[in-house]
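Written out below as structure tokens is the structure these notes cover.
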């Protein structure tokens, strides 16, 4: 199996009249979506975008982003989704690393985009100003190859530098198929997306909806009240959430219930707290806990419906074509023994862009996630800790090393260590510990300094000044001891 | 994507407690199915069956055949399903052509099997006498490769000799996925199989059920009353039928209706008569017309639910990863123009076993079906005629050339031609026209002669004696003129 029809092209041919997108009061059929995507693809071609070009998008969640994605797929460009919460400096790093030819932005983010491409050779295109062409598919990519690169998506790295995860059409295709073999597939499904389209969670909804021929209900941002209302009035059957979102939805829902047709609350982004799951159980909300990451093109382990109650807190079992093991010291461990979660399957990235030396995460086809967990005696996965030191704040991944690196850029900082504290609303938030030079520098001064370099959600909730940081004999920072009284 | 877990192995790991098989009053969970299959795999191994061996089965439809299939997959043997309606002579041809090492049979067909392997080196195993081993997977195939040969399945050839269609794990996998993207997939689905397991139709139900994690309701043979009752009492949601079966089911159903949970009557095996479809429409039976063949690992074109009424009589559009065209004189034709149906996609066979020279059916990845049809202006396929001269009798394919060859084997037959007549119960039945030598031979004598060589369903309904057969200038038999008064 090497090629198949372009997904939107095939879907619009099979079921042109089905509703593809609902956004606010507006509906787009697959025919509408195809026509507009074709027009924008031809428009982008006129502006010089070509097959194989790396093209970033820095756009608000919405129909424009959906059209942009499909237009780029029709052209055969490699899509580089960019997180609009990043600073211009952070964006510039990714834009440069991914070797973008074009950056597509919208009126909301034009300022940040303009700043981000300074001193680069990237051409900036504003979506509104791209003149649509004809809705013809000639010269466009109506057939795709499964091993063709589809996305380079950045994920913060343990080393402090974001890494570009390369995902093929095949990775996304198999992710969609794997999910359907677990969640089932109803042609009348409506999947609500209030998660960012620049993230795996949002992107995967858009891609699988086209493959399935179902409807995506697009929310530009997460508002718990709007989501709850939409579940009722838009006939939503599936929602993708992280714990922090789900908690706010339940708070807002109060004593009300979701309709019976609502069949799946797909819960990712790290282990969920028990009280939250219990509340869902009481309210008969069908929660499917999942485990996955950008490198696995979204969920790779999901709890099957029949075990929702009996295995509460488990992330489930590896999806159909994938496999899962727990390894410690190079050996597979027994049930209930802790170790690193390793996974294998057709959704897993072939590697990071321009980072050959990250190959030690990929051994004999197995991807070493860096996350800790164990399997029970029936093979159900319980995730203990996400990747060493990873902080998950409201679904966004934050690596301490990245914040530490930014702090060390300040001329008055000698040493820096970052860890996290639990927090009600976002799950976790980062906190920093720093060693100053003799010269004085205040917490506020440091925060201002960081805010130019790091997205707001990465800013430490507080900065504590210490005389020295806990380091082991090899001078390695002991992040677990930060904030611990000794 | 090269490998994935063995399907039953993975399914039993994911959802061991789901019901895999219902047969009469008996139920098998996926755990049961796995354990019994493992035991039989180890039992067969002890009898010498090895990975890569070609192993035929000549068994009645039932749980034993299901176990046999999974045991052979666990071993990694190539499965050669044999039609128990064939004569020993017909079977011997396929057994020899497929280079079987083993033939597995049951108490019902032991006589026919014993006769079939005379003068071959095939080892005969009787299912009941294979002693089960332990239910351990060590040394068995818990991982499969998608390009691994799974089946050699015989289909009658236009040349009079059956051809062994080679199908890989990947062909079957993609067939299951393609179907689910069209019909949807509900974890509570129950698929009734009253079609032969040695046929693509029956085999595909067994394989896709394991991939989906749904239940197969097994009927050993087709009895319209039993099927109608089973739809009600076993909670059946999907049934695979051919027109002749559906007609008898409707006759038996009378004024009654199927329950609302029954969601799909998958209708294959040739174009369906309009009156039949109209009756289904009146009775609100959701009929999905399909087009497919052994070479495409079952359906490759299916009518999507929303077009069931507006495109009555159409076989629909090519399933998601597949493509469809109409060709005439080497060129793709316009809408409504007739031509040969050609298809492309991941379910299509790589070819026939030991028949390199049949390669002209496969051109640039496109399989030329030999069937005639046209597309309407929205791309819906209407099948006009199955492969040149193909007779479809109650869902079984019959090639005139095969019957003609058998007739010509008789010492008193000079020439023979076979065509078909429409018939109420089976759709079509073969009729023969022969030229005798001077010496007398009766119709009854010829039928007795044929019945030793041909399966009962292939026997001509009548044999007409002529002085000569219609042949064209190149002396080619004009089958269309047989029976036409000139």
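Only the coordinates and a few stated rules stand behind these numbers; no lab work does. Keep in mind the model is a prediction, meaning the values are calculated, not measured. Neighbour counts are summed over all protein chains in view; Cβ atoms, including those assigned to glycine, are modelled from backbone coordinates with ideal geometry.
Once the piece of chain linking residue B:161 and residue B:274 is laid out straight, how much longer is it, given 0.36 nm per residue of separation minus the C-alpha distance between them?
Taking 0.36 nm per residue and subtracting the Cα distance, the gain is 37.4 nm.
Put in order of Cβ neighbour count within 10 Å, fewest first, the listed residues B:440, B:54, A:150 become B:440, B:54, A:150. A viscosity of 0.692 mPa s and a temperature of 37 °C, combined with the Kirkwood radius over C-alpha pairs in the Stokes-Einstein formula, give the range A:7-103 a diffusion coefficient of 230 µm²/s. Taking every DSSP beta bridge that has both ends in the range A:185-326, the antiparallel portion is near 30%. Along each principal axis, taking the top coordinate minus the bottom one, the Cα set of chain A gives 67, 56, 48 Å in descending order. If the label point is 7 Å along Cα→Cβ of residue B:363, which residues in the range B:293-328 have backbone nitrogen under 11 Å from it? Within reach of a label on residue B:363, which here means backbone N under 11 Å from a point 7 Å along Cα→Cβ, the range B:293-328 contributes B:327-328. Subtracting the Cα-Cα distance of residue A:25 and residue A:138 from their residue separation scaled by 0.36 nm leaves 37.4 nm. Sorting B:144, A:104 by the number of Cβ atoms found within 10 Å of their own Cβ, with the fewest placed first, yields B:144, A:104.
P(r) tail for the range A:85-171: Cα pairs beyond 20 Å make up 50% of the total. The antiparallel fraction among DSSP beta bridges confined to chain A stands at about 60%. Taken over the C-alpha atoms, the range A:293-437 has Rg and Dmax values of 17.7, 58 angstrom.
Using a 7 Å projection from Cα along Cα-to-Cβ, the label point at residue B:414 is separated from the same position in the remaining copies by 11.5 nm, smallest value first. The range B:155-227 and the range A:35-87 have Cα centres separated by 41 Å. Consider a paramagnetic label point 7 Å from the Cα of residue A:335 along Cα→Cβ; state which residues of the range B:128-144 have an amide N under 19 Å from it. Taking a point 7 Å out along Cα→Cβ of residue A:335, the residues of the range B:128-144 whose backbone N falls under 19 Å are B:135-138.
Under the simplified labelling scheme, the residue B:251-residue A:121 pair shows an inter-label distance of 7.7 nm, with each label point 7 Å from Cα along Cα→Cβ. Look at A:450, A:140, B:207 and count the other Cβ atoms within 10 Å of each Cβ; fewest to most, that gives A:140, A:450, B:207.
Nearest 5 percent is fine: what portion of the DSSP beta bridges confined to the protein assembly as shown is antiparallel?
60 percent
For the pair residue A:50 and residue B:412, a Förster radius of 56 Å applied to the C-beta separation gives a FRET efficiency near 0.15, rounded to the nearest 0.05. Quick one: if you stick a label point 7 Å off each Cα along the C-beta vector at residue B:328 and residue A:443, how many nm between them? My value for the distance between the label points is 8.2 nm.
Alpha-carbon geometry of the range A:209-323: the Rg and the Dmax are 14.0, 40 Å, given in that order. Inter-label distance, residue A:17 to residue B:480: 3.6 nm, where each label sits 7 Å from its Cα along the C-beta direction. Chain A holds its axis-closest Cβ, relative to the rotation onto B, at the residue and whole-Å distance A:185, 2. Considering only alpha-carbon pairs that sit under 8 angstrom and 6 or more positions apart, the relative contact order computed for chain B is 12 percent. Note on the protein assembly as shown: Cα Rg divided by 2.2 N^0.38 Å, N the number of residues, gives 1.05. Distances from residue B:467 to itself in the other copies, using label points 7 Å out along the Cα-Cβ axis, amount to 12.5 nm in increasing order.
Compute the Cα gyration tensor for the range A:391-481, then decide on rounded, prolate or oblate, letting a ≥ b ≥ c be the square roots of its eigenvalues: rounded whenever a/c is under 1.5, prolate when a/b is larger than b/c in the other cases, and oblate in all that remain. Verdict is oblate for the range A:391-481. In whole Å, how far is the Cα centre of the range B:91-129 from that of the range A:443-459? Taking the Cα centre of the range A:443-459 as reference, the centre of the range B:91-129 is 77 Å away. Distances between copies at residue A:139, taken between label points 7 Å from Cα along the C-beta direction, are 6.4 nm in increasing order.
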